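**Student:** The structure is given below, and queries will be raised subsequently.
The values are calculated or read from the model by the stated rules, or taken from the named source; none is laboratory data. In this text, all values refer to a predicted model and were calculated from it rather than measured experimentally. Cβ placement follows ideal geometry from the backbone for every residue including glycine, while neighbour counts extend to all protein chains displayed. The protein model used for the area step is the full one, side chains on, heavy atoms only, and it has no ligands, DNA or RNA in it. Shrake-Rupley method; radii C 1.70, N 1.55, O 1.52, S 1.80 Å.
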Amino acid sequence: MYILPSITGYADHNLAMCSKVISRAKEFFTILRSLQDAESSDPYIYEEEVQIVKMNGDRIPAVNMYCGNQTVFVCEKAASKISEPGDEQMTEASNLSDGDADDANDSAHVLQTEIGPQPLSVMKARQFLSWYTLSQNASMSAEDTNLPLYPLWVRCDMSDPAGTTWFGAETVCVGTKVTGVKLYSITSKGSTADKRSLTTLEELKQEHKKRHHPSSVGIKGSARFSLFGSTVVENTTIESQSSVTVDFKWSHVESILETPPLSSTATLNIKIASGDMRSPMFEMYRELEFLQTLADGLRTGETEWMEPLESTSAVNLTKAYLEELQNTAKTLQDQAARTPEKTSKLKSETETPIFNSFLERGDLDFVEQLWVRMRKSVTSYQDIGDCLKLVIDALRYGDIKPWIHRDSSSSLSKLILQSYHQQIEHVSLTGVTPVNMLLEMGLDKMRKDYINYLIGEELTTLNHLCFYLSTEVDLQEQVIRLRKLHHLLEIIVTCSTFLGLPYDRLFLLTQLCLQHYRTSPYDEEHEFKLQIKPALISHFYQKEHPILWGVEVSSGHGPREVRTSLHLSDRPLVDHVIFETGDFYLLNI
């Protein structure tokens, strides 16, 4: 006679476990939902050791490959701080006065070092993934949990045999209804300097077939090359905040690390920072910086004057200029013809021939030439007032009759027009009036410089520049719009000079920039994207190593699609695990 063991205890135990898991999944869902609805991106501390952060996926290289710039949740070990030795001594305030204790606490805070993101164990990461997946099940409860959550990504410590660095989960939706969850697993093979040790294309296909049994597969390649940015000179890296990279995508990959074919689609990623000394626009940037100094002084009441570029004082330069005009008997037309010669005397030694050929104008009027002299020599508000007083007195007494452009809009230009009829209104050169007048002169001159290039190169029309040229807004807003126009030119000139892009691409890029800055704030971190034919830049990349290279094997369609990919990079794509240095860093997804 055989006695069967009772299974009642097991059933009760399993039921209790299921109930507990469902309860934790609901709790986790509630936390994610509240984070998703919140405006702030402050991390949420879960169970003391875990933090959940809401951020853009493009901030994390590995996640960016699949989520781009969409918002994601990231689960990681709660951030901790490493304290330097002696912190306890510094923060001990029992024998200190209140003020001393505050100072000690401030010092201790400075010595605390924030460490980078930290991973969770693979087992813990699987737990979060299961809760996320379960919470999206419409039949889990009567509550309306079937609203799509942001994708969830969990940092992993590579403690499993596969070397998992990330787990990810993303809802699959039809409209706003969640119909499933797509799971991701990212593993890393570390670094290597030996190309022969890399996974072959055939091995990747076999790995894919272990996860899916398709009748056919699709293979896509991708690569990124750096065209412009930081450079290495004699083993020394010269860092640059500017970068131009190109992304390639193509089908029919034949081998790992193959060069993108000319049939690829190519997209330039353009991020240019003003002030790069290699730029043909550098001297123009220095001129804009002086203009910004004046605007900041008006806004804050404090001015940090730039180092003068001329050894002669601003007042003496102005006097010499006025005497030169008084002593000449030539016609206004002759004066205009001599303008290039006169302005060349004031050129800084740092100006480059490239810059001169791009934006140097030969038709600077009186006010513009005065601005050139003053912006390179004034070092105080007193200088500005004294120079303008000399000019206004010369106009009032008829000592000079300078010519100006018909469309000049500065206050000094208006006084010059009045001097033609010997009816100059009184101007009190006190307070901020002289600074306002000089700022107007600079705005007027630099706007014409930019118009001269953009219209001369037929990259746009005056109608498209109206927003940037408007004098109806206050001076501070005019400076902001001028900075946007300058940044646009930095981008265009860089792509023209260093990449040699043809007219049609420069024209399209100009329109993209103009359209962007009409509604967006000034931002040098913004990355402009431009479609391009690979043949136009083939000489830049065909003999270079990619900074990122990937291949993806896929099968199935829609929610049943399965993808297996390999990514190689010249730098680690995972920032929470330390790798040995190598030529390539490998990721499998």
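**Student:** Restricting the search to segment 242-282, which residues are outside any strand (DSSP E or B), acidic (Asp, Glu) and either more than 30 Å from Leu201 (Cβ to Cβ) or at pLDDT 95 or above (or both)?
**Tutor:** Asp276
**Student:** Mind checking which residues of segment 522-554 are touching a residue at least 60 places away in the same chain (Cβ under 8 Å) and in contact with a Pro (Cβ under 8 Å, 6 or more places away or on another chain)?
**Tutor:** Pro534, Tyr541
**Student:** Pull up segment 193-241, narrow it to residues that are of a type outside the set (A, V, I, L, M, F, W, C) and at pLDDT 90 or above, then point me to the one that is most open to solvent (accessible area, probe 1.4 Å).
**Tutor:** Result: Lys220.
**Student:** Would you be able to tell me the number of residues in segment 376-418 that are open to solvent by 10 Å² or more (accessible area, probe 1.4 Å), without any contact (Cβ under 8 Å) to a residue 60 or more places away in the chain and within 24 Å of Glu307 (Cα to Cα)?
**Tutor:** Here the count works out to 3.
**Student:** Residues that are among the aliphatic types (A, V, I, L, M) and in contact with a Phe, Trp or Tyr (Cβ under 9 Å, 6 or more places away or on another chain): does segment 515-536 have at least one?
**Tutor:** no
**Student:** Pull out all pairs, ordered by first then second residue, where Cβ-Cβ is under 6 Å, the residues are six or more apart or on different chains, the first lies in segment 463-480 and is exposed (fewer than 14 other Cβ atoms within 10 Å of the Cβ), and the second is outside any helix (DSSP H, G or I) and not aliphatic (A, V, I, L, M).
**Tutor:** Going by the 6 Å Cβ cut-off, the qualifying pairs are Thr471/Ser409.
**Student:** Another one. Is it fair to say Leu488 is closer than 23 Å to Asp363 by Cβ, surrounded by 15 or more Cβ atoms within 10 Å (Cβ to Cβ), of a type in the set (A, V, I, L, M, F, W, C) and in contact (Cβ under 8 Å) with a residue 24 or more places away in the chain?
**Tutor:** Judged against the criteria, Leu488 is a match.
**Student:** Then there's this: Would you check which residues across segment 504-514 are without any contact (Cβ under 8 Å) to a residue 40 or more places away in the chain and open to solvent by 40 Å² or more (accessible area, probe 1.4 Å) and list them?
**Tutor:** Asp504, Arg505, Leu508, Leu512
**Student:** Now for a different question. Of the conditions (1) assigned to a loop (DSSP other than H, G, I, E, B); (2) surrounded by fewer than 16 Cβ atoms within 10 Å (Cβ to Cβ); (3) at pLDDT below 95, Glu458 clears all except one; give me its number.
**Tutor:** The number of the failed condition is (3).
**Student:** Consider segment 427-455. How many of its residues are polar (S, T, N, Q) and either open to solvent by less than 50 Å² (accessible area, probe 1.4 Å) or part of a helix (DSSP H, G or I) (or both)?
**Tutor:** Residues meeting the conditions: 3.
**Student:** Here's something else I'd like to know. Would you mention how many residues in segment 59-74 are crowded, with 17+ Cβ neighbours inside 10 Å, in contact with a strand residue (DSSP E or B) (Cβ under 6 Å, 6 or more places away or on another chain) and either modelled with pLDDT of 90 or more or in a loop (DSSP other than H, G, I, E, B) (or both)?
**Tutor:** Going through segment 59-74 one residue at a time, the tally reaches 3.
**Student:** For segment 284-321, give me each residue that is aliphatic (A, V, I, L, M) and open to solvent by less than 10 Å² (accessible area, probe 1.4 Å).
**Tutor:** Those that are aliphatic (A, V, I, L, M) and open to solvent by less than 10 Å² (accessible area, probe 1.4 Å): Met284, Leu288, Leu291, Leu294, Ala295, Ala314.
**Student:** Take Tyr517 and tell me if it is aromatic (Phe, Trp, Tyr) and open to solvent by 70 Å² or more (accessible area, probe 1.4 Å).
**Tutor:** No; evaluated as a whole, the condition is false for this residue.
**Student:** Would you mind telling me which numbered condition in (1) touching a residue at least 40 places away in the same chain (Cβ under 8 Å); (2) open to solvent by less than 40 Å² (accessible area, probe 1.4 Å); (3) under 30 Å from Leu227 (Cα atoms) Phe498 fails?
**Tutor:** Going through the list (1) touching a residue at least 40 places away in the same chain (Cβ under 8 Å); (2) open to solvent by less than 40 Å² (accessible area, probe 1.4 Å); (3) under 30 Å from Leu227 (Cα atoms), Phe498 breaks only (2).
**Student:** With the requirement that a residue be among the charged types (D, E, K, R) and either modelled with pLDDT under 90 or part of a loop (DSSP other than H, G, I, E, B) (or both), what does segment 43-58 give you?
**Tutor:** Glu47, Glu48, Glu49, Asp58
**Student:** Show the residue pairs that are 6+ apart or on different chains and have beta-carbon atoms under 7 Å apart, the first residue being within segment 266-287 and more than 23 Å from Lys445 (Cα to Cα), the second being outside any helix (DSSP H, G or I) and of a type in the set (Gly, Ala, Ser).
**Tutor:** Every condition considered, the pairs that remain are Lys271/Ser242; Lys271/Ser243; Ile272/Ser242.
**Student:** On to the next question. Yes or no: segment 126-145 includes at least one residue that is at pLDDT 85 or above, closer than 20 Å to Val72 by Cα and assigned to a strand (DSSP E or B).
**Tutor:** No.
**Student:** Continuing with this model, one more query. Which residue out of Leu506, Leu482 is within 21 Å of the chain's Cα centre (by Cα), over 30 Å from Leu298 (Cα atoms), part of a helix (DSSP H, G or I) and at pLDDT 95 or above?
**Tutor:** Checking each option against the conditions leaves just Leu506.
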